[in-house]
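Every number in this text was worked out from the coordinates using simple rules, so none of it is lab data. It should be emphasised that the depicted structure is a prediction, and the values quoted were computed from it without experimental measurement. We place every Cβ from the backbone using ideal geometry, glycine too, and count neighbours over all the protein chains shown.
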Amino acid sequence: MTQLELNGRNIPVDVYVRRVRHIYLRIMPGPRLELVMPRHCTTSVGEVLARKRRWVEKKTAEMASARQLVTAGSFLFHGRSYAIKTASGRNEVAMNGNTATIFLRPRSRATAVLRRFLAAETLAYASDHVSRFCQELGVDFRNIATREMRKWGYCTRDGKLCFNWRLICLPPELAEYIVLHESLHLKHFNHSKRFKTALARLLPDYRRREISLRSYLTN
């Protein structure tokens with residue numbers, strides 16, 4: 001296995017060769033690196049890692065200080081932290097003050113019940129905001145879903161929108177940014193100048209929100 005030595009620590013590097021035009025380097029939880037290389041690439045893995053060393057140092061430091069949205073003992077909801085308690089009940093979540101009680105049937109798992117609750121809340125939030133944004137933008141969408149994934153959301157060319165099921169955990173202004181960003185791709189399916197101009201018009205402080213989003217882990 002390829003590794004990158006960084007500040008006395010060996011970080012695993014998963015290397016993939018695929019039909020892509022450019023080199024992609026991603027930092028995954030752990031941390032570990034995922035390096036995607038184009039076929040017939042003349043640049044070596046070692047050269048890529050050496051060139052990206054400072055970037056990796058910066059990103060691993062950001063990840064180390066980032067907040068997890070859901071842990072064994074607590075979770076965030078609209079940016080607010082709730083301590084988790086469990087009790088016997090009907091597989092539902094009740095929130096009161098700074099505590100969330102997860103009611104469980106026999107043999108049910110708290111993690112599964114909490115995930116279903118957060119996914120349902122995310123879907124309701126995203127559906128409401130996508131509908132409003134699409135009306136403002138004059139575009140239509142096909143459907144909305146939630147799933148487990150490494151990023152916050154994506155949009156397909158045929159109008160499907162999908163969001164990380166943890167979206168509802170984020171502070172409202174950050175969740176709003178993600179939903180608007182993906183909704184805008186229904187009109188500009190890229191990150192072109194037109195896309196960024198439209199985003200800046202709708203959310204003048206979108207860059208500040210992008211930076212704040214780095215403080216939270218997607219998984």
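Of note:
- Alpha-carbon Rg with Dmax, taken over the stretch 111-213, Å: 13.2, 42
- Cβ-defined net charge surrounding residue 149, 15 Å radius [Lys, Arg +1; Asp, Glu -1]: +4
- Entries in 58/151; 52/151; 52/160; 59/187; 160/193; 58/187 that, when Cα-Cα distance is taken, lie over 29 Å: 52/160; 59/187; 58/187
- Local electrostatic count at residue 4 - Lys and Arg +1, Asp and Glu -1, tallied over other residues with Cβ under 15 Å: +4
- Antiparallel DSSP beta bridges within the stretch 84-219, as percent of all bridges there, nearest 5: 45
- Theoretical gain in end-to-end length, residue 2 to residue 176 [0.36 nm per residue, Cα-Cα removed]: 58.8 nm
- Set of aspartates and glutamates with alpha-carbon distance to residue 196 below 15 Å, sequence-local pairs under 8 removed: 182, 205, 210
- Measuring how big the chain is from its alpha-carbon positions, Rg and Dmax come out at 19.9, 60 Å.
- Across the stretch 24-32, coupling constants 3J(HN,Hα) worked out from phi with the 6.51/-1.76/1.60 Karplus curve, θ = phi - 60°, read 10, 10, 10, 9, 10, x, x, x, 9 Hz, and Gly and Pro carry x.
- The local environment of residue 102, defined by Cβ-Cβ distances under 9 Å, has a net charge of 0 under the rule Lys, Arg +1 and Asp, Glu -1.
- For the chain, adding -39500 (n - 2.57) for each run of n ≥ 4 DSSP H residues and dividing by the number of residues yields -11500 deg cm²/dmol at 222 nm.
- The largest-to-smallest principal axis extents of the Cα set in the stretch 2-65 are 36, 18, 17 Å.
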